[in-house]
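Below you'll find the structure, written out as structure tokens, and then a few comments.
The values are calculated or read from the model by the stated rules, or taken from the named source; none is laboratory data. Keep in mind the model is a prediction, meaning the values are calculated, not measured. Reconstructed Cβ throughout: ideal geometry from the backbone, glycine too, with neighbour counts over all protein chains shown. We work out accessible area using only protein heavy atoms, side chains counted, and drop any ligands, DNA or RNA first. Shrake-Rupley method; radii C 1.70, N 1.55, O 1.52, S 1.80 Å.
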Amino acid sequence: MLSLGLAAVLAASLPWAAPARPTKIVGGGPVEPGAYPAVVAIMVPGGLCTGTLVSERVVLTAAHCVNGGLPPELLEVRLGDDVNLPGAPAYAVARYGAHPNYCGSDEPPCKEDVWDYGYVVLAEPVVGVAPIRPVARQEEWDEAMAIGDPITLVGYGYDEKMLLGIKREVEVEIVARSGSGREFRAGGMGKDSCNGDSGGPVLVTLASGETLLAGVTSRGFLDCGKGGFYGAPYPALCWLSKETGVDLRADGCDSCDCLDMTDPKSRCGCAAGEAGGGLLALVALLLAVRRRGSRVTPFAG
């Protein structure tokens, strides 16, 4: 078994290797009562996904959760720590959509930066719940989004006992990112998201105490616990604004290309763990495992 020190070096130097298409919070536990009220469950016949309220009527989720062509009236958004309980607050869905650049194939070029973003518009607003805004400013990205930084995964997916619909969380670290920075890999060593957590948030807490949305759960390896892949929401904010009328962009930038999404530590010359060819070969061998697809329960197929 690898030591924690060697594992850290490997994580910092891993080449980008996204898994095949179409994905529980593993290694974590139930949230504190009432925590993360803006994290919601998107109920679809036969299963669920997770999403985040970014406004009183708009939920940001994964494209593969809302890409099946179902009538909106068959979807429902539920709030609460356990959406299986009778009386859990429920909201009808007016409409939904998936990003036009979403690439749902298992084949290249759909191995990284797959634009796995979707939205749900509620028929009525959610009152009394503060939305979570996405990371949209350079200083926020640089503070919280370096390789090795801690992040929190939240979702309603299966846990180790195969219970579904209970809001859970786990803290992991960012371990790699795609060339563009639009996607990143996080978790592993028994801490991970899993089926049913698709579309759920990656959350970061700034020094100011504000919690922001830093990623959307997309997909991962066949065995939950080995880490997953997440899309940073910033590149999708222009599309989201056009589709829903909810503008989450930072002041002074209308093009959604104002954020340098490369690793902050690499830009300052302080990235950890420069690896040689032999280590990269070992990493490639470690990555030669079966992959699982999108982190959604089977209904989304």
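Leaving out same-chain residues fewer than 8 places away, which lysines sit with a Cα under 21 Å from that of K161?
Qualifying lysines at Cα under 21 Å: K24, K191, K226.
Per the Kirkwood definition applied to all pairs of different Cα atoms, how many angstroms is the hydrodynamic radius of the range 72-114?
13.3 Å
Taking square-rooted eigenvalues a ≥ b ≥ c of the alpha carbon gyration tensor, is the range 48-154 rounded, prolate or oblate, where a/c under 1.5 means rounded and, failing that, a/b exceeding b/c means prolate?
Oblate is the answer for the range 48-154, as a/c is 1.5 or above yet b/c matches or exceeds a/b.
Sorted by accessible area (1.4 Å probe), largest first, how do T61, T211 line up?
Of T61, T211, the descending order of accessible area is T211, T61.
If I ignore ligands, DNA and RNA and count only protein heavy atoms, how much of I132 is accessible to a 1.4 Å probe, in Å² to the nearest 10?
Here the accessible area works out near 20 Å².
Can you list the trypsin sites (Lys or Arg not before Pro) in the range 122-185 that are in a DSSP coil and have 10 or fewer other beta carbons within 10 angstrom?
K161
What figure in square angstrom, to the nearest 10, would you give for the accessible area of D251 with a 1.4 Å probe?
Probe radius 1.4 Å; accessible area of D251 about 140 Å².
Does the range 29-73 come out rounded, prolate or oblate by the C-alpha gyration tensor, with a ≥ b ≥ c the root eigenvalues, rounded set by a/c under 1.5 and, if not, prolate when a/b is larger than b/c and oblate if not?
Because a/c hits 1.5 or more and a/b exceeds b/c, the range 29-73 counts as prolate.
List the GluC sites (Glu not before Pro) within the range 146-239 that DSSP assigns to loop and that have no more than 16 neighbouring Cβ atoms inside 10 Å.
Those that pass, being in a loop and sparsely packed, are E160, E210.
Starting from the Cα gyration tensor of the range 131-170, take the square roots of the eigenvalues, sort them a ≥ b ≥ c, and report rounded, prolate or oblate (rounded when a/c is under 1.5, otherwise prolate if a/b is larger than b/c, else oblate).
oblate
Please report, in Å, the Rg and the Dmax of the range 138-216, where both are computed over Cα atoms only.
Considering the range 138-216 through its Cα atoms, Rg and Dmax are 12.9, 40 Å.
Would you check the accessible area of D254, probe 1.4 Å, heavy atoms only, in square angstrom rounded to 10?
In the full protein context, D254 sits at about 120 Å².
Mind checking which aspartates and glutamates have their C-alpha under 16 Å from K111, skipping anything on the same chain fewer than 8 residues away?
Answer for K111, where 16 Å is the Cα cut-off: E183, listed by chain and number.
If amide H atoms are built 1.01 Å from N in the plane of the peptide, which residues on other chains or at least 5 residues away come under 5 Å of the amide H of R95?
V121
What's the carbon and sulfur percent of the range 54-194's accessible surface, probe 1.4 angstrom, rounded to a whole number?
Heavy-atom surface of the range 54-194 belonging to carbon and sulfur, 1.4 Å probe: 53 percent.
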